[in-house]
Each structure stands twice: as structure tokens, then as C-alpha cells.
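Working notes, beginning with the structure itself.
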Amino acid sequence: MTNAPGGSGGPVAPGQPIAPGQIDTVMHESRLFPPPAEFAAKARIGSMAAYRAMYDEAKADPAAFWGKLAGELHWFEPYKDVLRWKEPFAEWFAGGKTNASYNCLDAHANTPRWNKTALIWEGEPGDERRLTYAELHREVCKFANVLKNLGVGQGDVVSIYMPMTPELAIAMLACARIGAVHSVIFAGFSAEAIADRNHDASAKLQITADGSWRRGKQLPLKDTVDEALAKSPTVRKCVVLKRTGANVNMTAGRDYWWHELMDNASPDCPATPLDSETPLYILYTSGSTGKPKGIKHTTAGYNLYVKKTFEWVFDHRDEDIFWCTADIGWVTGHSYVVYGPLSAGATVLMYEGAPNFPDESRFWQLIEKYRVTIFYTAPTAIRAFIKWGDHHVDKHDLSSLRLLGTVGEGINPEAWMWYHRKIGREKCPIVDTWWQTETGGIMMTPLPGAIPTKPGSCTKPLPGILPAIVTPSGREVPQGQGGWLVMTHPWPGMLRGIWGDDARFKEQYWSKVPGKYLAGDNARCDADGYYWIMGRIDDVLNVSGHRLSTIEIESALVSHPAVAEAAAVGRPDEIKGDAVAVFVVLKQGEPGDALKKELQNHVRHEIGALAVPDDVRFTGALPKTRSGKIMRRLLKDIASGKAETGDTTTLEDFSVLAKLRGDEE
Ligand code: ATP
Ligand code: MG
């Protein structure tokens, strides 16, 4: 990063306020990494020209484009229309019948993939299992019969609170097979959070495990579920997987052991032909910005979207070993551990435990052991790897890797560079994928054989995705300026609603900019048509009439050698509107006034005087969601000395918040 002004909008000039809804950019990132020639030569989409041709074709007639691809799913009955659109309600492939479990499993029967490994699984203690597509199919059929025997039918909601085990995927695919709707709840949430979600979704059945392994300790999942079920009157039955062997209470007439039910289950369970718009799952968002929303996804459009985006973005080949480190409890796990890769016939690595158990080299050890070729992880993990030190990486042979990816937050350019050099050995393209629980699958990202990357940019929209950057009145902002990111046309993976709350669905996504899907993020598009996500709409800093993005200030801080991660928020200030407050986690150096001054000077030098932090707070950790995203809204309250009022149910570690409060000056 240099201190040159960025974007065609130019630097922020004093005394030149910009329109509300627009955000100015102060960052300039000029490094460009073309796809390696060797990679491009073999890629599915191997040149910018090929990408453009696909993109233009899709833009000219999205329905024809998706209709052509829909032939890759199995149809029990053909659909009548590709898209029926009555804003904000979409029906994709209406009139058709398909089944996501069929597309992930049965579709590979009578192909060489049937006996190929579908899942490679490693538990935290080091236990290992492999399931071929044929074996996975058998398990899913049996468990689908278990569900039926317990009275679960089409449209019933099944709540799943399980460790990262093959049985979690089996449970989901079994639901999909019979038209039941799964609601997976990340297995780190509290009993209260489970009960809330069970209530919101009117869940009928619970699936869990006795426990799971995390950093060498057992998490008592069943005990937590017992507490949740006491407050979940709609849930009548509970299936319990034996994972750790912990002692658990089994309530007679309610609780059943997974293995006992499976012993007696028939492996014969044909997939039910389901209408395209049959709900597939409910998934609650991370809660970075407030109370989580129960996002609803349906069958055909979602299934097609995750299959195609998986194949395009990860340039999937049959010999790949694909590892997405996300827990299945998040949308990334739904779309790129389960439905996308399995529809595409991929081999997926699944790991149960923590990245720092037994030590901080566990991920690199797994890559070496299983010869992982594609590695997809989150910026929060990358920042942790950097902090833990290169020596953990250096011990392992990562030469099997050919492609890297990131998801979940923006990645600071310096963290991108580390990932590129250290993990990618300057040979692997990096796909920075922007998307949301709501979008179902990846929306903007570099296609690795086609689109040159710029550190910190998610580059360009995928074919069929039509973004724009607008002001609150819906006017497009001038190129280079930041504004609200919207989608101007429906896409197959889009959410179909918020479970049981159409009013909130309309209000949240479709009312603020009429006729367009409002993502809730700010972005800008540079002169090359590259998109840069600038943070959440609610997190913009309003400094002396200039609207600044969180990520640009944070990236400037992270480019200082002492800084591991940083969060920037606005603190109300009588004169400036917002003063800039930053929270900094160090990887080296001593917290204190000298370093504070140094960081202020560093920001001044990197991006200019306007963004210089007024407050610099050193902290051991930042408050994050359980999915690892920085919760800036809580930091904003702390910076302004407010007693925090927002929803904290998704906070990962309450002690971080307490410490930050105690630290207050
Ligand atoms: P909530 O909606 O409850 O506040 P959340 O938005 O954190 O939670 P998710 O759907 O898991 O829930 O996250 C999507 C958001 O994550 C995006 O809107 C964006 O802010 C951020 N994000 C995801 N990927 C990227 C990326 N590659 N670059 C920048 N931001 C990203
Ligand atoms: Mg969100």
C-alpha cells in the first residue's frame, strides 16, 4: 500500500463534503497478480475473454443462461419457467421436481465417482474415516428412514446441533432426501440460542451428539441440548450420536441413540421428487450487525447455484482434495462443504477440531497428510496464522496446494500478501469470495484462471450476478466512489425469505432501495471494474463531513509490522461528527504511547491525515462472532463509553468484552 490517493474520485479534499450514502476512498492498492499461465492453461474458465463472454451471455438473458445450466441437475419432472419474479419473491425452475440429496448422491451412481471418496474426515484426536459416494448414499438412505420412522415428514423442521462429523452431513442430506427442512445450529451456541432458534422455526426433532472435541477438551453438547429442549416445546424427539463416549442423560421416550436406530434402518429410501421451491434449509446469520435472521433457502435454484459456483470458483477437477475449513454450522459449510462439492462429485476433507490443537501447525499438517489441493478459509484464521508465526508453516510440505480462497470478511492486503507468499508459495491464485448467508453462494470473486487479482478486492461478479453501487435514493455513484452494494437482478441461490417473517424480509432487503436487493455492505468499483468491499453500511465513519470505511483504516494499521489485527469504529465527537477509534491486537512490540504515536503516523503516511486515529487502544483480542467476524458494533459502544445494549448472543467470548470495558481509559 502507498499513500497515493485511490479511485477516480481522487483523495478526500478538505472542505469538500460528499453526498450522503457515498463513501470516499483513501486507500490505493496497485499490486496486480495475473493467473499463473500454467493454472490458466488447464482451468475451466481460462482467460479474461472467456469470462467476459460468459458474463455477457448471462447478462443479456439471465433466464436462458441459468436454464441451459439447469440440465446438470436431475429432474424427476421438468420445470416450466426458469424464473417467476414478483419482487421480492422469486420462484426458480417453477413446476419442476428435483431433490438435492439425489443430486449430491444418486446422480453419481453408474459413474466412476460412485466409488470415489466423497468425505475424508479427521477428528481432533486424530481418528480418521473415509466414505465413498456409495457409502455416503447408504448412510443417508438409512438415516432418512430413521427420520421417517420418528414421524418426520415433508415440511417438518429438524434442528441439528452436531460436531463436525460425517453424520452432520448425513443428517442434512437425509432431511433433504425426504423434504424435511434442516436448521443447523453451530455447535458452540448456548442452550438459549438453540431454544430461540428451535422456537422461531417450530422445530420438531433435534439431532445432536453426546459431545465433541475442542482443543483437547470435550464439549458437552447433549447437556446443552437438554437445557435447550426444556425450553423447546415443539421438539418431541432427539437423536444422539455417540462421539466422545461421555456420560449423558437419555430421556426415555424422547432420546434415541443414533447407532441403535441405524442398526434397524433399511438402506432403501428413494429420494422424494420435490417441487423446485421446496424449502431446503433455514440458517441463521452470524449476527455481526444485530439479531440473527432465519434465512430460508429452497431446493432447485440453490442446488444449481452452489454446484456451478463451486465448479467455477474452485476450478474443480476430479483429482482435487478440497478443504473448506468453515464449520457446517455456517453458510460456507452448507454451500461449500456439503451441497456444492457433493453435487460436483468432489472429494471433501472435513476436520472436527481447532486449528491450534495439539499445536498451531495442525492445518498445515492436515494439508500435507491428505495432499489437499484447494484450501478455503477465513481472514480471521489467516490473521491468527500470521500471529502464531511462520515456523509452524515451515515444518510442512504444502506443495500439493494449487488454489487458495478466503471468505467471511474483507482481507487486509498485507494478510493477503502473507497468504500468497507463505501458503501459496507465490504459485496459487487466491479467490477472495464475497457473499452472504442470504446469497446462498459466492457472488463476487476472481475466477482463478481468468481474473488477475488485487490484494483486498473480491474483483468481479460471477456470470449471472448483476451488482451496482448506489446512493440511498438508488442513483449509481460515480466510479471510484463508495456506496451501497445492491443486486439488480435475481439469481438462483438467493434467499427466498426470512423464516416466518415476510415483513422483515421486505423491510431489510427490498425497501431501502426500491427494486433492488440491498446487501447491507458498502463497496466501490475501481476503474478496472474491480469491486472493493468497504464494510457494513452501519459501520461507516463520518469524520468532518467525510465518510470513511472501516476496512481501509484497518488495512493501513495491519500493514504496520507490529499489528496482527485491527478494528476501526466511530466515536461520537462534537466537532468532527465521529472521531476515529481503533482497537489493535499486536503481534510484536510493546503497547504504549510510543507505539500509539507510531501507528498514528503510520496511518497518516499510508492513507492521510483525515483517517488518523484519535484513540488507539491495545487489546489482547477483539470481540468476534462465533464464526470469527469482528463485531464492530460492540466496539463502537465501548469506544463511546455506552453500556452495550445490542444483541450479544452470537459473541464468541464474553471475557473479551469484559476486558475491553475494564481497559477503558
Ligand atoms: P448478520 O447479517 O446477522 O449481521 P453476517 O452479515 O456477519 O451477520 P454472514 O451472512 O455470515 O452474516 O456474513 C456475510 C457478510 O460477511 C457480508 O455481508 C460481508 O459483510 C462479510 N463478507 C463475507 N465475505 C466477504 C469478503 N470476501 N469480503 C468482505 N466482506 C465479506
Ligand atoms: Mg449480514
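The values are calculated or read from the model by the stated rules, or taken from the named source; none is laboratory data. If you're wondering where the values come from, they're calculated on a predicted model, not measured in any experiment. Glycine gets a Cβ as well: all are built from the backbone with ideal geometry, and neighbour counts include every protein chain shown. Keep in mind that these areas ignore ligands, DNA and RNA; they rest on the heavy atoms of the full protein, side chains included. Shrake-Rupley method; radii C 1.70, N 1.55, O 1.52, S 1.80 Å.
Give T488, T406, T459 a once-over and let me know the one that is within 24 Å of D56 (Cβ to Cβ) and buried (at least 21 other Cβ atoms within 10 Å of the Cβ).
Step by step, each of T488, T406, T459 is checked, and only T459 is within 24 Å of D56 (Cβ to Cβ) and buried (at least 21 other Cβ atoms within 10 Å of the Cβ).
Search the stretch 414-439 for residues that are touching a residue at least 40 places away in the same chain (Cβ under 8 Å) and within 16 Å of ligand 2 (Cβ to nearest atom) and pair each with any residue that is open to solvent by 30 Å² or more (accessible area, probe 1.4 Å) and assigned to a strand (DSSP E or B) when their beta-carbon atoms are under 8 Å apart and the residues are at least 6 apart or on different chains.
W434/I533
Kindly indicate the residue of the stretch 278-306 that is hydroxyl-bearing (S, T, Y) and at pLDDT 95 or above and also farthest from ligand 2 (Cβ to nearest atom) among those meeting that condition.
The qualifying residue farthest from ligand 2 (Cβ to nearest atom) is T278.
Any idea which residue in the stretch 263-277 is nearest to ligand 2 (Cβ to nearest atom), counting only those that are buried (at least 22 other Cβ atoms within 10 Å of the Cβ) and within 30 Å of G67 (Cβ to Cβ)?
S276
Determine, yes or no, whether A556 is open to solvent by less than 10 Å² (accessible area, probe 1.4 Å), touching a residue at least 12 places away in the same chain (Cβ under 8 Å) and assigned to a helix (DSSP H, G or I).
Judged against the criteria, A556 is a match.
Within the bounds of the stretch 250-262, is there any residue that is in contact (Cβ under 8 Å) with a residue 24 or more places away in the chain, surrounded by fewer than 16 Cβ atoms within 10 Å (Cβ to Cβ) and away from ligand 2 (no atom under 16 Å from the Cβ)?
yes
Can you go through G440, G482 and tell me which one is closer than 26 Å to Y376 by Cβ and open to solvent by less than 10 Å² (accessible area, probe 1.4 Å)?
It is G440.
Determine if the stretch 297-304 includes at least one residue that is under 26 Å from I630 (Cα atoms), surrounded by 24 or more Cβ atoms within 10 Å (Cβ to Cβ) and not β-branched (V, I, T).
Taking every residue of the stretch 297-304 in turn, at least one turns out to be under 26 Å from I630 (Cα atoms), surrounded by 24 or more Cβ atoms within 10 Å (Cβ to Cβ) and not β-branched (V, I, T).
Scan the stretch 354-377 for residues that are touching a residue at least 60 places away in the same chain (Cβ under 8 Å) and touching a helix residue (DSSP H, G or I) at 6+ places or on another chain (Cβ under 8 Å) and jot them down.
If the condition is that a residue be touching a residue at least 60 places away in the same chain (Cβ under 8 Å) and touching a helix residue (DSSP H, G or I) at 6+ places or on another chain (Cβ under 8 Å), then A354, N356, Y376 are the ones that fit.
Restricting to helices (runs of 4 or more DSSP H) lying wholly in the stretch 338-393: which have 1 or more residues that are open to solvent by 30 Å² or more (accessible area, probe 1.4 Å)?
Filter on the stretch 338-393 gives 362-370, 379-388.
Give me a count of the residues in the stretch 618-648 that are within 15 Å of ligand 2 (Cβ to nearest atom), open to solvent by 20 Å² or more (accessible area, probe 1.4 Å) and not charged (D, E, K, R).
Number of matching residues: 2.
Could you tell me which residue of the stretch 111-164 is nearest to T298 (Cα to Cα), considering only residues that are in contact (Cβ under 8 Å) with a residue 12 or more places away in the chain and of a type in the set (G, A, S)?
Going through the qualifying residues, I end up with G155.
On the given criteria, is K222 open to solvent by less than 80 Å² (accessible area, probe 1.4 Å) and either touching a residue at least 60 places away in the same chain (Cβ under 8 Å) or not small (G, A, S) (or both)?
When the stated conditions are applied, K222 passes them.
Which of (1) more than 20 Å from the chain's Cα centre (by Cα); (2) at pLDDT 95 or above is the odd one out, the single condition P478 does not satisfy?
If we test P478 against (1) more than 20 Å from the chain's Cα centre (by Cα); (2) at pLDDT 95 or above, just (2) comes out false.
Could you count how many residues in the stretch 519-537 are open to solvent by 20 Å² or more (accessible area, probe 1.4 Å) and charged (D, E, K, R)?
Final tally of qualifying residues: 2.
Pairs, please: C-beta under 6 Å, at least 6 apart or cross-chain, first residue in contact (Cβ under 8 Å) with a residue 24 or more places away in the chain and in the stretch 291-303, second of a type in the set (S, T, N, Q) and surrounded by fewer than 24 Cβ atoms within 10 Å (Cβ to Cβ)?
From the stretch 291-303, the pairs are P292/T285; K293/T285; I295/T437; T299/T278.
As an exercise: evaluate I465 against (1) under 20 Å from G497 (Cα atoms); (2) open to solvent by 10 Å² or more (accessible area, probe 1.4 Å); (3) away from ligand 2 (no atom under 16 Å from the Cβ) and give the number of the one condition it does not meet.
I465 satisfies all of (1) under 20 Å from G497 (Cα atoms); (2) open to solvent by 10 Å² or more (accessible area, probe 1.4 Å); (3) away from ligand 2 (no atom under 16 Å from the Cβ) except (2).
Pick from the stretch 416-464 the residues that are away from ligand 1 (no atom under 12 Å from the Cβ) and of a type in the set (A, V, I, L, M, F, W, C): which of them is farthest from I553 (Cα to Cα)?
Result: A450.
What is the residue count in the stretch 574-590 for residues that are modelled with pLDDT of 95 or more and over 32 Å from the mean Cα position of the chain (by Cα)?
Of the residues in that region, 0 qualify.
Tell me which residues, restricted to the stretch 517-553, are assigned to a helix (DSSP H, G or I) and over 26 Å from R604 (Cβ atoms).
Selection gives I537, D538.
What's the total number of residues in the stretch 500-510 that are assigned to a loop (DSSP other than H, G, I, E, B) and within 16 Å of ligand 2 (Cβ to nearest atom)?
1
Which condition breaks for L595 when tested against (1) surrounded by 15 or more Cβ atoms within 10 Å (Cβ to Cβ); (2) in a loop (DSSP other than H, G, I, E, B); (3) among the hydrophobic types (A, V, I, L, M, F, W, C)?
(2)
Can you find a residue that is in contact with a strand residue (DSSP E or B) (Cβ under 8 Å, 6 or more places away or on another chain), among the acidic types (D, E) and touching a residue at least 24 places away in the same chain (Cβ under 8 Å) anywhere in the stretch 397-412?
The answer is yes; a qualifying residue exists.
Take P613 and decide whether it is assigned to a loop (DSSP other than H, G, I, E, B) and open to solvent by 40 Å² or more (accessible area, probe 1.4 Å).
Here the answer is no, as P613 does not meet what is asked.
Could you figure out which of (1) within 19 Å of Q206 (Cβ to Cβ); (2) buried (at least 24 other Cβ atoms within 10 Å of the Cβ); (3) within 27 Å of the chain's Cα centre (by Cα) isn't true of T98?
Unmet for T98, out of (1) within 19 Å of Q206 (Cβ to Cβ); (2) buried (at least 24 other Cβ atoms within 10 Å of the Cβ); (3) within 27 Å of the chain's Cα centre (by Cα): (1).
Rundown of residues vs (1) of a type outside the set (G, A, S); (2) farther than 24 Å from Y339 by Cα; (3) modelled with pLDDT of 95 or more; (4) open to solvent by 10 Å² or more (accessible area, probe 1.4 Å), yes/no style:
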residue	(1), (2), (3), (4)
G424	no, yes, yes, no
M444	yes, no, yes, no
K454	yes, yes, yes, yes
P472	yes, yes, no, yes
